[in-house]
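Here's the structure we're looking at; comments come further down.
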Amino acid sequence: MNREGQWEVDAMSEDRRTDGPMPTESVWDYPRPPRVEPDGRRVVIAHRGVVLADSRACRRVLETSHPPVFYVPPHDVRTDLLSKSQGSTFCERKGLATYWNLAVDGCTVPDAAWSYEAPSPEYGSIAGHLAFYAGRVDLCTVGGERVLAQPGDFYGGWITAEIIGPYKGASGTAGW
């Protein structure tokens, strides 16, 4: 955070791989039911020039056919910019999802993020953590790499260079 209480992206401190080729992960090797794992790479989320989240303590949820979803601990998120949405969905594994609207610089982004406030016990480590749709904010990075949004408008996976598909979410993939 800077002196004015605003969070900044420090590009010089980003994690950058310089020690050889990046390993690949196929989304088809991910498990069902999904697995949660810690991820210590720096995750930065920004919109309209404001850093919304900056963390090295995320949880990554891996599920067959989906790019990983990064859940950011609430203490690393500008929760003052979020308000609870009217929307909710139910995941057969994780439970009831709460959606969050984002308000930055006079602009509101409906359902920009979601969380599981009281997930099923197997997913307790993501309770209260926030996941952002990469396609609804201006910038999401993992380890200094800009993230691509998972196709479609429901799933919120983040695609980075090490992730290979095909991915569920695009038109025609609902039956996978």
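The values are calculated or read from the model by the stated rules, or taken from the named source; none is laboratory data. Values in this document were obtained by computation on a predicted structure and should not be read as measured data. Positions of Cβ are generated from backbone atoms using ideal geometry, with glycine treated the same way; all protein chains shown enter the neighbour counts.
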Item to check | Residue selected from the range 72-93 under the condition of a type outside the set (S, T, N, Q) and at pLDDT below 95, by the criterion nearest to VAL36 (Cα to Cα) | outcome: ARG93
Item to check | Conditions (1) within 19 Å of LEU139 (Cα to Cα); (2) surrounded by fewer than 20 Cβ atoms within 10 Å (Cβ to Cβ); number of the one not met by PHE70 | outcome: (2)
Checklist entry - Does at least one position in the range 130-149 carry a residue that is over 24 Å from ARG48 (Cα atoms) and crowded, with 17+ Cβ neighbours inside 10 Å? => result no
Next on the checklist: Cβ contacts < 7 Å: first residue assigned to a loop (DSSP other than H, G, I, E, B), restricted to the range 130-154; second residue surrounded by fewer than 17 Cβ atoms within 10 Å (Cβ to Cβ), any location; separation 6+ or different chain. Result?
Outcome noted: ASP138/ARG48; GLY143/GLU14; GLY143/ASP15; GLY144/GLU14; GLY144/ASP15; GLY144/ARG16; PRO151/ALA170; GLY152/ALA170
Checklist outcome for this item: Of the residues in the range 36-84, those that are among the hydroxyl-bearing types (Ser, Thr, Tyr) and outside any strand (DSSP E or B) come to THR64, SER65, THR79
